[in-house]
Each structure stands twice: as C-alpha cells, then as structure tokens.
Amino acid sequence: MFVGAPFRREFYARPVLVVARSMMGCHLVSDTESGRVVVRVTEVEAYAGADDGASHAHRGQTARNAAMFGPPGHAYVYFTYGMHWCLNVVAEADQVPAAVLVRAGEVIEGVETARSRRIPGKDRDLARGPARLAQALGITGDINGADLTKADGVLRLGAGSTPADDQISEGPRVGIRSATELPWRLWITGDPTVSTFRPAAT
DNA sequence: CTTCCGATATACT
DNA sequence: GTATATCGGAAGG
C-alpha cells in the first residue's frame, strides 16, 4: 500500500495547494432538520483547471462543473457513479477553476445524527471517503454553489485545529487515471479516518 | 487486513 | 457506447 511522503513546503507552489493545506483540520458544520453534524477534515485532494488532466474542469466549463468556476469559499458538489455525492470547496478567484475535494474527516459532533444517515458500521468509517463524508453531513446537490462562509448556511467551513507540517503526508490522488504523478492528496499521518489508497480501475 | 465486482447517472467520444 | 474524483458486500488471509 502507498504510505505517502512527508509534507513538503514546495507544495505551496500553487494557490489551490495552499488552500488544500489550510483546510487540513478545519471543521465542516452542517445544520439540517435532522440535526447538527461537525466533521474535522483529515484528508483532501486539490484539483486545478485546464493543466490538470484529472480535474473535471480540464476540458472547460460545463453545466456540471460550473461551480468550480465560481467564487472561492463556495461548494462544488457533484454526483458520480450513479449514486454518490462528493463535496469540494472552490479554491481560487472567480472564473479560475480550482477546488479542493474533501475526502475524509472525523465526526466530532452529532455522531448519532451521522450514524442515522449511514448504513450500520464503525464510527471511524462514518466520514471515511468522499461519498461517505457527504452522506454523514447530509449533503446533496442541493447545496451546489452555496457560500460556505455564510453564518446561516446549511453547511459552513470554519477554523478547527491545524496540524503541524510534520503531521501531514502527501501522495497521489485516489481513483484517477490522468495526472497520477501529481502528489496533490494530503492527509493527517496515521489518522484512522483517512480513506485507504485505491488506484483507478484499469 | 486484502481483492473482486455490481450498482447506477451523467458527461463525453 | 464507454468511463468515472465510489461504496458496500462477499470471500480469502
């Protein structure tokens, strides 16, 4: 299994990577009718624009990826594999496509609510993987494009506890076939809620 | 822990 | 028609 390399400061070479690094340890707060759930982010991936072969924005703007071209701090939520929602945070200036996929987190509040939204299983798996995380938070395409910095939003992104550089590992992104050489996945080293690395199906 | 594989909507060739 | 930024269940170590 791929174990990753220590986080390097050179990672800051691109704005979207700075945002990805800054999101490590942040809190995602969702308030819905079924209750509040707070997740601490433990794993993210950066996606850029035309020069990133694995990005949804690689071939330009479409109806699906339009939110990626919107203002930073807003949500880009997409539907995939016919059944899963995945949450991204738009990362760069308006009209500049870039987003950070939130791949995993630890549920630190509202564990009961999160459990009720998921199939029975271990608590550490509640938000382990992008689709599971979206499900635990009760997120769907309804909030695509929503401002995550608004105090009264259904989903909000806030400060949590930022890990030190030596607590972070970097490695290849999961489930992609293009641009696999870019180490644009970040995770908290050794955290049990981080998803396991899976190469794309051949 | 691992591998294998089916389910299923949307975007793209 | 084919691929996909995935998950969950089954089976094997």
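Residues checked against (1) touching a Ser or Thr at 6+ places or on another chain (Cβ under 6 Å); (2) polar (S, T, N, Q):
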site	(1), (2)
A:69	no, no
A:75	no, no
A:81	no, no
A:88	no, yes
A:102	no, no
A:105	yes, no
A:108	no, no
Looking at the range A:185-202, I want the residues that are within 22 Å of residue A:48 (Cα to Cα) and have a partner that is surrounded by fewer than 18 Cβ atoms within 10 Å (Cβ to Cβ) and charged (D, E, K, R) with Cβ atoms under 6 Å, at least 6 apart or on another chain. Which pairs are those? A:200/A:177
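Residues checked against (1) crowded, with 18+ Cβ neighbours inside 10 Å; (2) touching a Lys or Arg at 6+ places or on another chain (Cβ under 6 Å):
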position: A:118; (1), (2): no, no
position: A:132; (1), (2): yes, no
position: A:174; (1), (2): yes, yes
position: A:185; (1), (2): yes, yes
position: A:196; (1), (2): no, no
Specify which of the listed residues (A:4, A:49) is within 16 Å of DNA strand B (Cβ to nearest atom), closer than 25 Å to residue A:65 by Cα, surrounded by 15 or more Cβ atoms within 10 Å (Cβ to Cβ) and at pLDDT below 95. A:49
Read through the list (1) buried (at least 19 other Cβ atoms within 10 Å of the Cβ); (2) within 30 Å of residue A:10 (Cα to Cα); (3) over 12 Å from the mean Cα position of the chain (by Cα); (4) not basic (Lys, Arg), then give the number of the only condition that residue A:138 fails. (2)
Is it the case, given these coordinates, that residue A:15 is more than 13 Å from DNA strand C (Cβ to nearest atom), surrounded by fewer than 20 Cβ atoms within 10 Å (Cβ to Cβ), under 26 Å from residue A:136 (Cα atoms) and modelled with pLDDT of 95 or more? no
Does the range A:93-100 include one or more residues that are in a strand (DSSP E or B), away from DNA strand C (no atom under 11 Å from the Cβ) and surrounded by 18 or more Cβ atoms within 10 Å (Cβ to Cβ)? no
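The values are calculated or read from the model by the stated rules, or taken from the named source; none is laboratory data. Remember, predicted model here, so these are calculated numbers, not experimental data. Don't worry about glycine lacking a Cβ; one is built from the backbone with ideal geometry, like all the others, and counts go over all protein chains shown.
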